[in-house]
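Worksheet: the structure to be examined is printed underneath.
The values are calculated or read from the model by the stated rules, or taken from the named source; none is laboratory data. Source: prediction; values computed, not measured. Cβ sites come from the backbone with ideal geometry, for glycine too, and all protein chains shown count toward neighbours.
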Amino acid sequence: MASPSGSKIKTILICCFVMCGSLLFGIDSGELGGFQAMVSFLKDYGYFDEETDAYNIRTRIQTSLNAVLLVGATLASVSAGPIGSRYGRRLGLIWMGLVAVVGVIFQISVPHVWGLLLGRFFAGAGIGYASNFVPIYQAEVAPTRMRGMMIALYQTGINIGQLIGSCINQGTYKMSTRWAYRIPLITQLVFPTILIVFASFFPESPRWLLSVGKVEESAKSIRRLRGKKYPEHQIHADVDDIAKHIRLEKELEGSGSFLDAFKGSDRRRTHIACGVLLWQVLSGISFINEYGTYFYSVSGISNAFVVSVISQVCQLAGIIIMFPSVHFLGRRTILLWGAAAETICMFTFAIVGTVAPNSVAAARCLVAFSCLYAFFFTWSWGPVAWIVASEIGSNVMRSRTQALGSAVSWAGTLLIAVVLPYLINPTAANLGAKVGFIFGVTCLLGFVWALFFLPETKGRSLEELDELFLNGVSVKDFSTYQCRGHIEYEKHGVITTAELSGETKEVVTIHTEDTKAS
């Protein structure tokens with residue numbers, strides 16, 4: 001759906017406000033790693049280690065801080081599917097903000113470990129809802145040519161939030177009181193509150209409105225999104241086009257339940273959404289973001305907080321360069337190049353840290369390649385994986401497909417959160433830089449998966465993607481296939497052409513057995 005240039009500003013502003021949902025995740029991620037190196041936080045929730053003559057945090061508490069949040073995020077991601085399908089994307093955004101606020105209040109007001117963990121569960125639930133509602137809303141309201149960049153705002157918010165969180169920690173970590181970590185926690189109230197207030201005035205997704213039969217409301221939504229200069233006849237054409245695809249999907253693919261995500265063409269789409277987000281989290285970004293400051297401090301690198309901030313700046317630089325790249329290079333190319341670069345960074349990181357541990361040169365190399373990795377991640381798999389996952393689902397199944405992908409993402413992150421502290425903690429496996437070997441292998445596997453299973457979706461409308469998947473177009477033909485406005489499928493041994501007018505006509509009758517015989 002093309003839109004006049006003057007109407008793009010409103011869509012961009014709306015998508016930027018929606019980005020507040022991902023800013024919360026970024027700030028939490030940027031601050032938590034710093035908390036675990038703050039003396040005041042370690043005094044309240046850790047223990048005094050007589051061997052090192054310093055405060056430390058027990059592995060089970062360190063693990064629980066992340067695990068509880070990720071359990072909340074995983075459960076919320078699953079429930080976000082039916083919530084988004086039944087109540088809409090806009091109410092989902094408001095609900096996300098309310099849950100996140102509850103989580104922050106618990107973390108601030110209850111000075112006990114159980115209160116902190118309960119707060120992190122609710123904060124995680126808010127983050128899980130954000131991973132569904134934010135990119136889906138951005139995908140469904142943006143024009144085709146802007147869709148990739150608008151969805152990328154989700155990851156942009158995460159990276160901006162991480163930088164904000166790291167900078168706030170840098171300003172408070174020397175405080176000797178609890179306010180060293182409470183002030184950063186209070187800042188987490190700002191963005192969900194903004195989202196709660198402004199989301200009430202956002203137009204609802206026109207595609208969701210049509211999926212529940214609200215035709216007039218959908219036209220009004222498109223009119224609000226595209227502006228007064230958008231032709232009235234084009235609004236009606238857009239509504240008709242989306243409605244035809246939704247009717248066809250419901251006829252061919254089922255009722256839109258979670259089980260339907262594993263049937264027909266939706267099975268392939270679910271595999272792509274889950275796969276791209278799984279390989280994203282298994283690439284090792286949690287190691288850099290969640291435990292970077294802690295790892296640098298126990299590795300003897302001075303100014304660990306400063307290094308963490310530098311890493312966040314590198315990530316922000318990567319995502320800035322990503323915006324023009326995703327428009328010109330496409331999703332598949334960026335993910336392949338990104339996986340290759342991440343593999344090189346992780347293996348180099350591991351080799352140098354293993355061969356020359358505790359040396360000044362090794363420390364500098366660890367910092368350099370962790371920053372390079374951070375740059376390549378936010379240029380490629382960080383934002384582009386969310387772009388693919390958010391646009392790959394069908395109009396009828398998008399919320400549930402995204403829910404499954406997000407749940408897999410959070411479950412993978414939970415696995416890493418449980419295992420990683422034991423791998424790097426001096427009182428456990430103490431692998432140090434050798435962890436890079438593990439993530440180097442997973443980055444390489446992600447490259448192989450993308451090579452064989454990931455199609456190029458650049459420049460395709462969401463309705464064109466429906467046609468491509470329903471016609472079973474292969475990965476190698478995806479970018480060159482000419483959409484013809486109809487779907488060919490086999491049902492009950494009969495090959496049928498479904499026209500986008502909503503009507504179907506039998507083209508040729510062939511029994512399945514005869515097809516195999518020929």
Where a residue in the range 60-76 is part of a helix (DSSP H, G or I) and its partner, wherever it lies, is basic (K, R) and buried (at least 22 other Cβ atoms within 10 Å of the Cβ), with Cβ under 6 Å and at least six apart: V68/R120; L69/R120
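Out of all the residues in the range 204-223, which are surrounded by fewer than 20 Cβ atoms within 10 Å (Cβ to Cβ) and under 18 Å from K10 (Cα atoms)? Walk me through how you get there before you give the answer.
Residues of the range 204-223 that are surrounded by fewer than 20 Cβ atoms within 10 Å (Cβ to Cβ), as a first pass: 212-217, 219-220, 223.
The answer is A219, K220, R223.
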Residue that is nearest to K244 (Cα to Cα), among those in the range 463-482 that are in a helix (DSSP H, G or I) and touching a strand residue (DSSP E or B) at 6+ places or on another chain (Cβ under 7 Å): E467
Residue in the range 27-40 that is over 27 Å from Q402 (Cβ atoms) and surrounded by fewer than 19 Cβ atoms within 10 Å (Cβ to Cβ) present: yes
Some residue of the range 119-131 being assigned by TED's automatic domain parsing to the domain that holds A403, within 20 Å of F258 (Cβ to Cβ) and among the hydroxyl-bearing types (S, T, Y): yes
Which numbered condition K214 fails, given (1) over 29 Å from G412 (Cβ atoms); (2) at pLDDT below 90: (2)
Cβ pairs under 6 Å, 6+ apart, first in the range 168-196 and more than 16 Å from V99 (Cβ to Cβ) and without any contact (Cβ under 8 Å) to a residue 60 or more places away in the chain, second in a helix (DSSP H, G or I) and among the hydroxyl-bearing types (S, T, Y): I183/T172
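A quick yes/no check of all residues on (1) modelled with pLDDT of 90 or more; (2) over 24 Å from the mean Cα position of the chain (by Cα):
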residue: S166; (1), (2): no, no
residue: M175; (1), (2): no, yes
residue: W179; (1), (2): no, yes
residue: L189; (1), (2): yes, no
residue: V197; (1), (2): yes, no
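Against the condition among the charged types (D, E, K, R), crowded, with 24+ Cβ neighbours inside 10 Å and assigned by TED's automatic domain parsing to the domain that holds L189, how does R89 come out, does it pass?
Judged against the criteria, R89 is a match.
Tell me, please, whether a residue that is under 25 Å from V408 (Cα atoms), crowded, with 19+ Cβ neighbours inside 10 Å, modelled with pLDDT under 65 and of a type in the set (G, A, S) can be found in the range 268-289.
Checked the range 268-289: no residue is under 25 Å from V408 (Cα atoms), crowded, with 19+ Cβ neighbours inside 10 Å, modelled with pLDDT under 65 and of a type in the set (G, A, S).
Might you let me know whether the range 6-18 holds any residue that is of a type in the set (D, E, K, R), modelled with pLDDT under 80 and in a loop (DSSP other than H, G, I, E, B)? If you could, list the steps in order and put the result at the bottom.
As a first pass, look at the range 6-18 and keep what is of a type in the set (D, E, K, R): 8, 10.
Cutting the leftovers down to modelled with pLDDT under 80 gives us 8.
Filter again for in a loop (DSSP other than H, G, I, E, B), leaving none.
Scanning the range 6-18 turns up no residue that is of a type in the set (D, E, K, R), modelled with pLDDT under 80 and in a loop (DSSP other than H, G, I, E, B).
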